[in-house]
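Step one of this worksheet: look at the structure below.
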Amino acid sequence: MSTLTLVRHAQASFHADNYDELSELGREQARRLGEFWARRRIDFDEVYCGPRVRQRHTAEIVGGACTRAGRPWPEPVVLAELDEYDLVGLLRTLAPELARRDAAFAELLAHSRRDADSLGRARGFWRMFEALTLHWATAPGPVAGVEVFAAFRDRVGRGLRRVTAGPGSGRRVAVFTSGGVIGTSVRLALDAPDRTALEVNWRVRNCSLTEFVFTKNRLTLDSFNTLPHLEDPALWTYW
């Protein structure tokens, strides 16, 4: 069997002007992962990442820590299929539309925008975002300009097949991506309902490891959302 390790990107810049860049803490999380793999002599035959800056930069920092320690690190291959779902489309297009039709969601949306402190804003945002993404996954029809959940799920499936379909056995593969892709990969491996992908997504920590074993025709979940490289809980983040 071969092994597939999905790494959620390290902490990005939540509520900054540009979310798609790693925070200082995120860079530290990624560096520690690379050092952990180097100490354990965990080497990879192939490395893939999504196209977002936060995904690519996490792979770059991890790889740099490995190579500085004298460990091999393959050149990462960028795959569009490993991109996160359309955050901008959900927030700018679907959220206002849903708020006009659903008073309870409108209140969640308003609450997420008026909290003054950063922790309150983050909690308010995730309560709103959970409701928004669940609606997105279960909505009966498309929303103009937003990738529907079925298309996202199928895209992730294609990406997994591209990664796992290579020749040979005993391969060790690392993929740097985002929580939605990881949740959907777990959903596909378990053949679970669509909403499971989002329920899993909301629990995926930054720079965590979710591991599968695979053969040409089978993908099996082995471990979920672990942080063996971050012993200090102060380094554990979700956003």
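For the reader, a short list of remarks on this structure follows.
- Selection status of Arg31, open to solvent by 50 Å² or more (accessible area, probe 1.4 Å), at pLDDT 95 or above, among the charged types (D, E, K, R) and at negative phi: yes
- The stretch 133-158 residues that are in contact (Cβ under 8 Å) with a residue 60 or more places away in the chain, paired with ones that are open to solvent by less than 20 Å² (accessible area, probe 1.4 Å) and not in a helix (DSSP H, G or I) (beta carbon under 7 Å, 6 or more apart): Glu147/Tyr85; Phe152/Tyr85
- A count restricted to the stretch 166-177 and to residues that are in contact (Cβ under 8 Å) with a residue 12 or more places away in the chain and either open to solvent by 70 Å² or more (accessible area, probe 1.4 Å) or within 14 Å of the chain's Cα centre (by Cα) (or both) stands at 6.
- Residues in the stretch 37-69 that are among the basic types (Lys, Arg) and open to solvent by less than 70 Å² (accessible area, probe 1.4 Å): Arg54 alone.
- Among the candidates Leu198, Leu188, residue that is closer than 21 Å to Glu81 by Cα, of a type outside the set (Ser, Thr, Tyr) and open to solvent by 20 Å² or more (accessible area, probe 1.4 Å): Leu188
- Summed over the stretch 178-229, the residues that are touching a Cys at 6+ places or on another chain (Cβ under 9 Å) and either in contact (Cβ under 8 Å) with a residue 24 or more places away in the chain or over 30 Å from Glu28 (Cα atoms) (or both) give a count of 1.
- Test: residue in the stretch 26-48 that is under 16 Å from the mean Cα position of the chain (by Cα) and under 26 Å from Pro167 (Cα atoms): yes
- The single condition from (1) part of a helix (DSSP H, G or I); (2) under 25 Å from Glu21 (Cα atoms); (3) open to solvent by 10 Å² or more (accessible area, probe 1.4 Å); (4) not acidic (Asp, Glu) that Arg203 fails is (1).
The values are calculated or read from the model by the stated rules, or taken from the named source; none is laboratory data. For clarity, every value in this text was computed on a predicted model and none was experimentally measured. Note that we place each Cβ from the backbone using ideal geometry, even for glycine, and neighbour counts take in every protein chain shown. For the accessible areas, the whole protein counts, side chains as well, though only heavy atoms, and no ligand, DNA or RNA atoms are used. Shrake-Rupley method; radii C 1.70, N 1.55, O 1.52, S 1.80 Å.
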